[in-house]
Amino acid sequence: ISDEESGYNKNLFFIPKHYEEDLERVFIPHGLILDRTERLARDIMQDMGSHHIVALCVLKRGYKFFADLLDHIKALNQNGDKSVPVTVDFVRIKSYC
């Protein structure tokens, strides 16, 4: 997204009441994030070939993205031409800031 990007009017989206006053605009719609997550899953499957995938989730904030990405990888594993083993693990990182 360029610095000149003005985003989308927040009135085009359903914004929960408790966020309405905090938002001015929406820069990346949820559908675009889902589309890019699916594309990333496809790229991972293509790049990994038949190699075992070790998926490592950084807790706490990354879990939703991680779960969505794994859902797409799982769907590709079930419906694609090939199936590769996937191992899942989690790490927690402490911030010193």
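The values are calculated or read from the model by the stated rules, or taken from the named source; none is laboratory data. Here the structure is a predicted model, which means the values were calculated and not measured. These accessible areas exclude ligands, DNA and RNA; they are computed on the full protein's heavy atoms, side chains included. Shrake-Rupley method; radii C 1.70, N 1.55, O 1.52, S 1.80 Å.
Distant-in-sequence amide contacts of residue 57, defined by a placed amide H-H separation under 5 Å and a gap of 5 or more residues or a different chain, comprise 89, 90, 91.
Less than 5 angstrom separates the built amide H of residue 8 from those of 26, 27, all sequence-distant by 5 or more or on a different chain. Ratio of Rg to Rh for the chain: 1.07 [Cα atoms; Kirkwood radius as inverse mean 1/r over pairs].
Only lysine pairs 8 or more places apart, or on different chains, with alpha-carbon atoms under 29 angstrom apart are counted in the chain, and they number 10. Each part gets one Cα centre, and for the range 1-50 versus the range 61-86 those centres are 19 Å apart. Across the range 29-92, Cα pairs under 8 Å and at least six residues apart give a relative contact order of 47 percent. Solvent-accessible surface of the range 29-92, averaged per residue with a 1.4 angstrom probe and all protein chains in place: 73 square angstrom. Kindly express, to the nearest 10 degrees and within the range 0 to 90, the angle between helix 63-79's C-alpha long axis and the longest C-alpha principal axis of the chain. Compared with the principal axis, the helix lies near 50 degrees.
Taking the C-alpha atoms only, the angle from helix 30-48 to the longest principal axis of the chain is near 20 degrees.
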